[in-house]
1. Short version: ³J(HN,Hα) in whole Hz for each residue of the range 341-349, in order, from phi by Karplus 6.51 cos²θ - 1.76 cosθ + 1.60 (θ = phi - 60°), x for Gly and Pro, what are they?
2. Report the extension gain between residue 46 and residue 301 in nm, rounded to one decimal, defined as 0.36 nm multiplied by the number of residues separating them, less their alpha carbon distance.
3. Suppose every K and R has +1 on its Cβ and every D and E has -1 on its Cβ; what is the size of the dipole of the range 243-331 about the Cα centre, in Debye to the nearest 20?
4. Could you list the residues of the range 380-397 with an amide nitrogen less than 20 Å from a label point located 7 Å from the Cα of residue 403 in the Cα-to-C-beta direction?
5. For the residue pair residue 251 and residue 55, what label-to-label distance in nm results when each label sits 7 Å from Cα along the Cα-to-beta-carbon direction?
6. Specify the inter-centroid distance of the range 44-101 and the range 232-258, based on alpha-carbon positions, in whole Å.
7. Note down the nm distance, to one decimal, between modelled labels 7 Å out along Cα→Cβ at residue 270 and at residue 350.
8. Between the helical axis of 16-36 and the dominant principal axis of the chain, each derived from Cα atoms, what acute angle in degrees is found, rounded to the nearest 10?
Amino acid sequence: MIPRYSRPEMVAIWSPETKFKIWYEIEAHACEAMANLGVIPRENADAVWKAKDVEFDVARIDEIEAVTKHDVIAFLTHLAEHVGSEEARFVHQGMTSSDVLDTCLNVQLVRAADILIENLKELMAALKTRAMEHKDTVRVGRSHGIHAEPTTMGLTFARFYAEMDRNLSRLKAAREEISTGAISGAIGTFANVDPRVEEHVCEQLGLSPEPISTQVIPRDRHAMFFSVLGVIASSMENIVIEIRHMQRTEVLEGAEFFSMGQKGSSAMPHKKNPILTENLTGLARLVRMTVIPAMENVALWHERDISHSSVERTIGPDATITLNFALKRLTSVIEKMLIFPENMLDNMNKFPGLVMSQRVLLALTQAGVSREDAYSMVQRNALKVWEHRVDFQEQLLADEDVVAALGVEEIKEKFDMGYHTKHVDTIFKRVFG
């Protein structure tokens, strides 16, 4: 990803220096295991470990690769330049390039997942704080963009928290799914490398041995991982779409924080645009666009081809770096977000009392009126509120049929706002425990 949407900690995971360091560790641990098994001399394995503090020269490796046209061979040649050609002659014994490439990729994805898991926890903490803060702040709920019935701002934040809690579970499962390594040699049969070498390397790198690989680790694991990142991105967009709606001039129930000196428009000085949440909508699209290529990587020819390679060199860094940046940005937006409770009440009262229509409908049916007649009685009064902005309660009190069925006091009682918030505590207990 471009630096504008990148954070150093995640970028470092995907740097050439980090990649070559992991390649080295894979090869060194493999040599160590082979020496333990008596397959190679101990002194050769020990010689490889002498390079543990070496800063591998990326430019030199690229120079060698320009000739060899093979990245792993270029690295092994450079490693031999540090270790010595005689000492390094058993490096990569019985292994194939994918043993290094695939195991390294999974190490990188696991490290990326660990960062993203912490990012999700930080976002959830911010959502929980705002949910508790506005647990009883009443606002109108909307369906199809139209006023429906009252809810609270706290419930809005709480449902986003619950969604991200599910995503946290998904991401932990995705991390587990991708936490495998393979040192199984050509075609994955262990013909030239003992399975105990794989077990040792994986243990040292915090992975589990892939139960059965071909010449590559199965790509359904990666498809699942990137799919989860896509779901997280979609959940983020679910949140920011709500914030963008809240910041509309005619709504203004909430807004991104506008810092001192910030400018909203080059042409119109009055503008306060939701630029961060709009940016997050775009970043969510970038993360999701990695999902289909990851799924298409599952179907490889026979025991191995490299049609997946170019895809993963791109989507691995892009998806994780983008999501890392986006999660941190969204957390900041939530933490600093401005909330306007008075505007929420003003919006609800634009059509006075109309959000209580269902309660009146139910009261009429309970009073013995058929549902069809009750619906007609409520709707004819509701439409007057839509058309003339009159008070719904007053219209009902002027309707002889409604008064005859319910009485004046019962009609008035149906406009108690507390009716709609009486189970907020129950919902919060379900979400937050």
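The values are calculated or read from the model by the stated rules, or taken from the named source; none is laboratory data. Quick caveat: nothing in here was measured; it's all calculated off a predicted structure. Here the Cβ positions follow ideal geometry from the backbone for every residue, glycine too, while neighbour counts run over all protein chains shown. The protein model used for the area step is the full one, side chains on, heavy atoms only, and it has no ligands, DNA or RNA in it. Shrake-Rupley method; radii C 1.70, N 1.55, O 1.52, S 1.80 Å.
1. Calculated HN-Hα couplings, in order: x, 5, 5, 4, 5, 4, 5, 5, 8 Hz.
2. Working: separation 255, 0.36 × 255 = 91.80 nm, distance 3.82 nm.
So the extension gain works out to 88.0 nm.
3. Working: 11 positive and 9 negative charges, 94 e Å.
Dipole size: approximately 460 debye.
4. Backbone N within reach: 380-385, 390-397.
5. Rounded to a tenth, the inter-label distance reads 5.1 nm.
6. First find each Cα centre; the distance between them is then 51 Å.
7. 1.8
8. Value to nearest ten degrees: 50.
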